[in-house]
Amino acid sequence: MISVALCFLAVLLWALHTLRYGFVLSVCVALLLYGVEILGYSACGYYLSCFGEPSVLSVALSVLYCAKIALVDSSVSLEHRISMGAIVARVAGLAILPYGVMLVWAVLGLWLYLGALGIGLVDIYHIDSRVQVVIISAFIAISAVFSRIFALLACAGLWHQICTAQGLYDGVLDVGLWLWCVLGLLWRWGSRLFKGFGLWARIADFFAALHR
């Protein structure tokens, strides 16, 4: 469950790290989600029962993002940021999950999950394992155009999958990562749609009128 807690911590940091003491608050909430049980299971336990273990790629992304926030973006001393965060800043300063990567991985996940349900032209699990590696490598190569650090972590996940003879969902994809990419895309598209029609301004004006 530690891997799930790391992923939860990364999401909490993404949402809360800009607040004062946001890093401490995120860690506390993550510990609560990991340790506090409701009806015999913690939040991490419920996640595992519904979606399974996070992939190697998800855990690696979470660790990198947590390190980036802790060493670069958090309110630590200047000397600490310079001495320990310089390398992380250069690597993680690139967008870890930019728009292009989310689009590529959303398409990959959709193909894999539809194939597993018998929907689609090709079920990747019913073809030769070497062809599987070639296909996933092609997706990773496309991702490298948008984020080299993501492609590097994806390669590590693929290598772990090959060495341990595990499935694609254990190495480079899981439900949580796929949903994050899909929701990220929907948020971007929705924001552009709202902005294009001026809906954000209208909503802001509506709430401003309520407080007059």
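From 199, 185, 153, 168, which residue is closer than 28 Å to residue 5 by Cβ and modelled with pLDDT under 75?
Going through 199, 185, 153, 168 in turn, just one is closer than 28 Å to residue 5 by Cβ and modelled with pLDDT under 75: 168.
Only one of 123, 128 is touching a Gly at 6+ places or on another chain (Cβ under 7 Å) and at pLDDT below 80. Can you tell me which?
123
Enumerate the pairs (first residue in region 98-109 and in contact (Cβ under 8 Å) with a residue 40 or more places away in the chain and assigned by TED's automatic domain parsing to the domain that holds residue 135; second residue anywhere and in a helix (DSSP H, G or I) and surrounded by fewer than 15 Cβ atoms within 10 Å (Cβ to Cβ)) with beta-carbon separation below 8 Å, excluding pairs fewer than 6 apart on the same chain, so at least 6 apart or on different chains.
Going by the 8 Å Cβ cut-off, the qualifying pairs are 99/188.
Taking residue 173, is it assigned to a helix (DSSP H, G or I) and either modelled with pLDDT under 70 or of a type in the set (A, V, I, L, M) (or both)?
no
Select from region 136-165 the residues that are exposed (fewer than 14 other Cβ atoms within 10 Å of the Cβ) and not in a helix (DSSP H, G or I) and list them in ascending order.
Residues satisfying the conditions are 145, 165.
What about residue 33, is it at pLDDT 80 or above, of a type outside the set (Val, Ile, Thr), under 16 Å from the mean Cα position of the chain (by Cα) and more than 22 Å from residue 159 (Cα to Cα)?
Values: at pLDDT 80 or above: yes; of a type outside the set (Val, Ile, Thr): yes; under 16 Å from the mean Cα position of the chain (by Cα): no; more than 22 Å from residue 159 (Cα to Cα): yes.
No, not satisfied.
The values are calculated or read from the model by the stated rules, or taken from the named source; none is laboratory data. All figures in this text were calculated on a predicted structure; none of them were measured in a lab. Every residue, glycine as well, gets a Cβ built from its backbone with ideal geometry; the counts of neighbours run over all protein chains shown.
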